[in-house]
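A short worksheet on the structure shown next.
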Amino acid sequence: MKLTLSCDHKLPTGVLGLSIHPDGSRTFAACADGAVYAVDPANGQAEPFEDRHGSYASGCVLLPDGRTVVSGGYDGALLWHDVATRRGGLRIQAHRFWSWQLALSPDGRHLASATGQYLPGGWKYEPAAENEPSVKVYDTRNGDRIAAFHHAPPVLSCAFTPDGRHLAAANMMGGVRVWDLNSAKQDSPASQWTSPDFTSWGTTKTHHYCGGIYGLAFAPDGDSLLGCGMGPMGDPMAGNGKMTWQRWNWRKSERIDQIKDAQRGSGLMETLAWHPNGDHFVMAGRQAQGTWNAAVFSAKDGNLIQSLDTKKRITQARFTADGRTLFLAGANGQPARKEGAWPPWGRLQVYRVEV
């Protein structure tokens, strides 16, 4: 698979969440100013939705009917937005803390949101127990909560299986849990495991745990689960942990594959996207040391196929349904004000995909 850049658009502020229409004709960006923007991928024109979050907008999803976007934010709220009018609708307070990430079931009926704050629970600085369920699932039609799952906070990522029956969530300590939404005992995970390769204890300057699994993505056939993040490091302030992905047989809680040491640098990997044919996947994020911050890998043997140095932080990667286009969204630094105004520092890149 080969990626070729076709468009590089500037957006008002950094992008933390991205949703696209399956055909790539429309995109929606959840941004650091609390707003969700409708972005024309052809020219980069960005129009904000009326209702905003009280803090960063951290994620957004487009419902299958194409008429509604739901966003989550660091204010713990979930907001429903009308695409045609860009006006706000339903608003619910989902969490006491941040909504780190959203996931939409393939049929669009269920929305999962992950939360949790890292507070020391003991002298070893292990995370304290959650003060609310770390993963909650809502009915997108009316906002009713239909499920709540417990995990060790903070829970940074979540994803549904392609059939929508199972939900996975992962945390800062490398712990992954998968629940069966149809089970009578919903809070008993169908499977769970912990990978120490996604967390570490900071030994320099800042003494605490850091890292985590920031992205999860089930393979198109539903048989395996990918996770990405940042591995062990000595100095959390430098953000120089190992770029990391692992792939698991989630039903057996067994690791299938992982990134090869010779093919990675240092930095936080924040997003994963499977190509629709299941033969390749993309991992991207921010680079501390190395030669790339976005790369294409082979699902067959885990080898790196192509790498890119975008010179920007990438927070989201999304393929169109036909697999011909890849969208990468993120930020170019966090600049200071110029003459009382913020220069545009959000980014949306459009890549042509050749398989």
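The values are calculated or read from the model by the stated rules, or taken from the named source; none is laboratory data. This is a predicted model, so every value here is computed, not measured. Neighbour counts are summed over all protein chains in view; Cβ atoms, including those assigned to glycine, are modelled from backbone coordinates with ideal geometry.
In table form, for the structure just shown:
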{"read-out": "Cβ-Cβ under 8 Å pairs, at least 6 apart or on other chains, the stretch 100-114 side surrounded by fewer than 17 Cβ atoms within 10 Å (Cβ to Cβ), far side at pLDDT 95 or above and assigned to a loop (DSSP other than H, G, I, E, B)", "value": "P106/P162; P106/D163; P106/G164; D107/P64; D107/G164; R109/T140; R109/R141; R109/G164"}
{"read-out": "Pick from the stretch 247-298, criterion more than 25 Å from G59 (Cα to Cα), assigned to a strand (DSSP E or B) and among the charged types (D, E, K, R), ranking: farthest from the chain's Cα centre (by Cα)", "value": "E254"}
{"read-out": "Boolean, K124 is under 14 Å from Q93 (Cα atoms) and among the charged types (D, E, K, R)", "value": "no"}
{"read-out": "Among (1) over 20 Å from the mean Cα position of the chain (by Cα); (2) part of a loop (DSSP other than H, G, I, E, B), the one test that S6 misses", "value": "(2)"}
{"read-out": "Residue match in the stretch 211-229 (condition: part of a strand (DSSP E or B) and farther than 22 Å from A169 by Cβ)", "value": "no"}
{"read-out": "Every pair of residues 6+ apart whose Cβ atoms lie under 6 Å, when the first sits in the stretch 267-289 and is touching a residue at least 24 places away in the same chain (Cβ under 8 Å) while the second is buried (at least 19 other Cβ atoms within 10 Å of the Cβ) and of a type in the set (D, E, K, R)", "value": "G267/R286; L268/R286; G285/E270; R286/R313"}
{"read-out": "Residue that is in contact with a Ser or Thr (Cβ under 6 Å, 6 or more places away or on another chain), touching a residue at least 24 places away in the same chain (Cβ under 8 Å) and within 21 Å of E270 (Cβ to Cβ), where the choices are G164, G215", "value": "G215"}
{"read-out": "The stretch 214-251, residues that are of a type in the set (D, E, K, R) and either within 23 Å of P106 (Cβ to Cβ) or in contact with a strand residue (DSSP E or B) (Cβ under 7 Å, 6 or more places away or on another chain) (or both)", "value": "D221, D223, K242, R247, R251"}
{"read-out": "Single match in W274, W292 (criterion: more than 27 Å from P12 (Cα to Cα), in contact with a strand residue (DSSP E or B) (Cβ under 9 Å, 6 or more places away or on another chain) and surrounded by 16 or more Cβ atoms within 10 Å (Cβ to Cβ))", "value": "W274"}
{"read-out": "Tally of residues being touching a residue at least 60 places away in the same chain (Cβ under 8 Å) and in contact with a Phe, Trp or Tyr (Cβ under 8 Å, 6 or more places away or on another chain) across the stretch 167-189", "value": "4"}
{"read-out": "Qualifying positions in the stretch 60-93 - surrounded by fewer than 23 Cβ atoms within 10 Å (Cβ to Cβ) and small (G, A, S)", "value": "G66, G76, A77, A84, G88, G89"}
{"read-out": "For W80: the one exception among (1) of a type outside the set (D, E); (2) under 19 Å from V36 (Cβ atoms); (3) free of Cβ contacts under 8 Å to residues at least 60 places away in the same chain", "value": "(3)"}
{"read-out": "Residue under evaluation A30, criteria (1) assigned to a loop (DSSP other than H, G, I, E, B); (2) at negative phi; (3) of a type outside the set (S, T, N, Q), criterion not met", "value": "(1)"}
{"read-out": "Matching option when the condition is surrounded by 14 or more Cβ atoms within 10 Å (Cβ to Cβ), under 17 Å from V155 (Cα atoms) and out of contact with any Lys or Arg (no Cβ under 9 Å at 6 or more places or on another chain), among L226, L216", "value": "L216"}
{"read-out": "Test: D301 is of a type outside the set (F, W, Y), over 17 Å from A29 (Cα atoms) and in contact with a Phe, Trp or Tyr (Cβ under 6 Å, 6 or more places away or on another chain)", "value": "no"}
{"read-out": "Every residue from the stretch 160-210 that is assigned to a loop (DSSP other than H, G, I, E, B) and within 21 Å of P106 (Cα to Cα)", "value": "T161, P162, D163, G164, R165, L181, N182, S183, Q186, P189, A190"}
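Yes/no per residue for (1) at negative phi; (2) among the hydrophobic types (A, V, I, L, M, F, W, C):
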site: R247; (1), (2): yes, no
site: W250; (1), (2): yes, yes
site: R255; (1), (2): yes, no
site: Q263; (1), (2): yes, no
site: G267; (1), (2): no, no
site: E270; (1), (2): yes, no
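Table: residues versus (1) touching a helix residue (DSSP H, G or I) at 6+ places or on another chain (Cβ under 6 Å); (2) modelled with pLDDT of 95 or more; (3) surrounded by fewer than 16 Cβ atoms within 10 Å (Cβ to Cβ).
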residue	(1), (2), (3)
P120	no, no, yes
Y125	no, no, yes
P133	no, yes, no
K136	no, yes, no
I146	no, yes, yes
F160	no, yes, no
V178	no, yes, no
N182	no, no, yes
